[in-house]
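Heads up: the structure comes next, in structure tokens.
Please treat every number below as a calculation from the coordinates, not as lab data. These numbers come from a predicted model, not from an experiment. No Cβ is skipped: glycine too gets one built from the backbone with ideal geometry, and neighbour counts run over all protein chains shown.
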Amino acid sequence: MSDAPAPSYPDGIVPAHADPATGSGRGRRRWLALILLSALMLAALLGVFGGGKARSVTIASDAAMLDVHTPRVIRNGMFFETRIRVTARAPIEKAVIAVDATLWRDMTINTMIPAPSEESFTDGAFRFDYGPLKPGETLDIKIDGQINPPLFAGTQGKIALLDGERERAAVPLTIMVLP
């Protein structure tokens, strides 16, 4: 037997083989930490924390089909894209897209392509006039925006297709905003 002194380690560091009682517990904690980190990373990849794939919502009426493609979970400060597609099933004399002001509260809208011929604010909604649509004709609109810092928890409202003042189809939306 050797009388050599045992190697000294800094405070709090003990090799696993030196104390079997504490060594086995540390191994379990490492696996638990790895499992929790993996679960967190998987949730992030699936878009649970925002930035995931946006889903479309389509509403069909006798006058038109309204499809809105926008993120439902987004992080504060992020840029986002909303696409609106209107396919006329019947003649629409004055296609107007109405967006509730509550939906765009604390958001900055950077661009809207194509630009509407008229813009207005009536009855608590932003209104964008795109003129007449014939049956079978499609109107595609792309909107780019950004979530402003004061918006927290989320927002809700609807995007509607109007024929002049008459609502022809509407998509209710709830957007969750994470910090």
Check: Quick one: which of 56-63, 108-115, 93-100 comes out on top by average Cβ neighbours within 10 Å, and what's the full order, highest first?
Finding: 93-100, 56-63, 108-115
Next item on the list: Enumerate the aspartates and glutamates that LYS94 could reach by cross-link, defined here as Cα to Cα under 14 Å, with residues fewer than 8 away along the same chain left out.
Entry: GLU118, GLU119, ASP129, GLU137, ASP163, GLU165, GLU167
Note to self: Quick check on the stretch 29-179: what does the Kirkwood estimate of hydrodynamic radius come out to from the alpha carbon pairs, in Å?
What the structure shows: 16.6 Å
Checklist line | Alpha-carbon centroids, the stretch 97-151 and the stretch 152-179: separation in whole Å | finding: 10 Å
Margin query: Using a Förster radius of 30 Å, what is the FRET efficiency between TYR9 and ARG75 based on their Cβ-Cβ separation? Nearest 0.05, please.
Written below: 0.10
Next item on the list: Estimate the FRET efficiency between GLU93 and LYS142 by the formula 1/(1 + (r/R0)^6), using the beta-carbon distance for r and 25 Å for R0, to the nearest 0.05.
Entry: 0.55
Note to self: As an exercise, identify the chymotrypsin sites (Phe, Trp or Tyr not before Pro) in the stretch 128-179 lying in DSSP coil whose Cβ has no more than 13 other Cβ atoms within 10 Å.
What the structure shows: PHE152
Next item on the list: Kindly state, to the nearest 0.05, the FRET efficiency for ALA33 paired with ARG83, given R0 = 41 Å and r defined as their beta-carbon distance.
Entry: 0.50
